[in-house]
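Bear in mind these aren't lab numbers, they're just calculated from the coordinates by the rules spelled out. Since the model is a prediction, treat every value here as computed from it, not as a measurement. With ideal geometry, Cβ positions are generated from the backbone for all residues, glycine too; neighbour counts draw on all protein chains shown.
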Amino acid sequence: MKEKVAVVGAGSWGTALAQVLAENGHDVTLWARSVPVADELNQRHTNKKYLPQAKLHPAIYATTSLEEACYNKSFILFAVPSHAMRHTAREVKKVMNKETRIVHAAKGFEQDSWKRMSEVLSEELERDQASIAILSGPSHAEEVIQKSPTTVVVACGDQEVAKQVQYVLMNTSFRVYTHSDAIGVEVGGALKNIIALAAGLVQGLGFGDNAKAALMTRGLAEIARLGKAMGAKPITFVGLAGVGDLIVTCTSTHSRNWRAGYMLSQGKSLSVVLDEMGMVVEGVKTTRAAHALAKHYQVEMPLTEQLYQVLFMDKEPEQAAKDLMLRGKTNEMEEIMETW
Ligand SMILES: NC(=O)C1=CN([C@@H]2O[C@H](COP(=O)(O)OP(=O)(O)OC[C@H]3O[C@@H](n4cnc5c(N)ncnc54)[C@H](O)[C@@H]3O)[C@@H](O)[C@H]2O)C=CC1
Ligand SMILES: O=C(CO)COP(=O)(O)O
């Protein structure tokens, strides 16, 4: 059945998801923040800033009007960065219908409140959190747009909604699994960006594959520790929204977070890196959020702690690596048993 879907956010991820939906035969309206981007999408069927090589489906209709995008739609899919979620949702609330199903695909927390995006959406849209679906998993827009086989999860307290989202998005190159652990899926997607930043940094410093494997494994351990404290099921982190996304972002040069880490290793300041990137690097703000959440939940996150010091306290990355290697001696099996 053809559905009317709004995609809110015409960056790389929103554009790639709009493409998947249009290829699946749905009626897609893509909300862009800027007029030139909307015009380019409608007239040339390209989005050069965010997906330079892509030829987009001509049926994708772009608009800068949230009302035109969101009124009378079956689904609204939020693909704006986490820092833009609350104010965007507040505007969407004014023009959307009560029965429209809500999905978000952002991977971060709200600054200062450290809330998950589904909490923010629930507050602003006055919806039960359990009705909000979360799309996550290993999925770089650059590969989705090329129809390279991709697997994702859609998590929702209401499994009927998860199945409906699975139905509209799934096709031969985009496989969608439903999931019931919304907190785990949301937290896994956000926290892996911290480890991806560190992986880019480590690579740029000339550390080898041993260090990368250590980062990913020990990164997963601290993601699971914080996730569990926040109410996630730890087993979720062995799936696509945990290990899967960790692998792709820590090993792919498509990753904005990995690239930002790499650029930092070349001696650039954080503000220069973010300026040059011109796209959202969620891991920077997420490092702040996880640092605060770790304190709040009294969970040990040594990698996050060291990255926090490198990003915000001018610590030399080499010193951070040394401090990690020589921190208090621990027993891996005991830790694993405690978390998993
Ligand atoms: N790019 C990717 O491959 C993937 C990205 N994501 C997540 O999707 C979210 C969006 O990321 P991308 O599309 O990569 O970002 P992007 O940097 O490519 O695009 C961001 C979009 O949001 C808009 N935007 C930025 N600030 C805004 C504001 N204050 N108010 C309203 N709109 C604003 C920009 O105009 C742009 O259209 C992030 O949370 C990211 O982690 C998730 C999976 C894959
Ligand atoms: O979440 C992503 C892939 O699954 C995108 O990661 P980056 O934002 O690091 O590119």
Residues Arg256, Arg33 arranged by fewest to most Cβ contacts within 10 Å: Arg33, Arg256
Within 10 Å, count the other beta carbons around each residue, average over each peptide in 293-301, 260-268, and list them highest first. 260-268, 293-301
With labels modelled as points extended 7 Å from the Cα through the Cβ direction, what inter-label distance (nm, one decimal) is found for Ala59 paired with Asp128? 3.3
Where does the chain land at 222 nm, in deg cm²/dmol rounded to the nearest 500, when only DSSP H runs of n ≥ 4 count, each adding -39500 (n - 2.57), divided by all residues? -15500 deg cm²/dmol
In whole Å, what three semi-axes, largest first, describe the equivalent ellipsoid of the range 4-180 built from its Cα gyration tensor (square root of 5 times each eigenvalue)? 23, 19, 15
With 22 Å as the limit, write out which pairs from Lys192/Lys295; Lys4/Lys98; Lys4/Lys94; Lys4/Lys163; Lys48/Lys115 have Cα-Cα distances beyond it, or answer none. Lys48/Lys115
Just check the range 214-262 against the gyration tensor rule for me: Cα atoms, a ≥ b ≥ c as the square roots of the eigenvalues, rounded for a/c under 1.5, and otherwise prolate or oblate depending on whether a/b exceeds b/c. prolate
Hey, in the GNM for the chain with a 10 angstrom Cα cutoff, which one of Trp258, Trp114, Trp31 fluctuates hardest? Trp114
The chain, relative contact order in percent, only Cα pairs under 8 angstrom and at least six apart counted: 14
Please report, in whole Å, how far the alpha carbons of the range 185-339 spread along each principal axis, starting with the longest. 41, 31, 30
Relative contact order %, the range 154-246, counting alpha carbon pairs below 8 Å whose residues are six or more apart: 32
Which order do the peptides 199-210, 99-110, 231-242 come out in when sorted by mean C-beta neighbours inside 10 angstrom, highest first? 99-110, 231-242, 199-210
Under a point-charge model restricted to the Cβ atoms of Lys and Arg (+1) and Asp and Glu (-1), what is the dipole moment magnitude of the range 185-339 relative to its Cα centre, in debye to the nearest 20? 140
Which pairs break 18 Å Cα to Cα here: Lys212/Lys285; Lys73/Lys93; Lys147/Lys212? Lys212/Lys285; Lys147/Lys212
Roughly speaking, what is the stretch gain from Glu91 to Lys233, that is 0.36 nm per residue apart minus the C-alpha to C-alpha distance, in nm to one decimal? 47.8 nm
Give a residue-ordered list of calculated ³J(HN,Hα) values for the range 279-296 (Karplus: 6.51 cos²θ - 1.76 cosθ + 1.60, θ = phi - 60°; whole Hz; x for Gly, Pro). 9, 5, 10, 4, x, 5, 5, 5, 5, 4, 4, 5, 4, 5, 5, 4, 5, 4
Express in nm, to one decimal, how much length is gained between Arg44 and Ser271 on full extension, taking 0.36 nm for each residue of separation and deducting their alpha carbon distance. 78.4 nm
Specify which residue in the list Val168, Val243, Val120 is farthest towards the positive end of the charge dipole of the chain, using unit charges on the beta carbon of Lys, Arg (+1) and Asp, Glu (-1), about the Cα centre. Val168
Shape verdict for the range 11-76, please, from the Cα gyration tensor: rounded (a/c under 1.5), prolate (a/b greater than b/c) or oblate. oblate
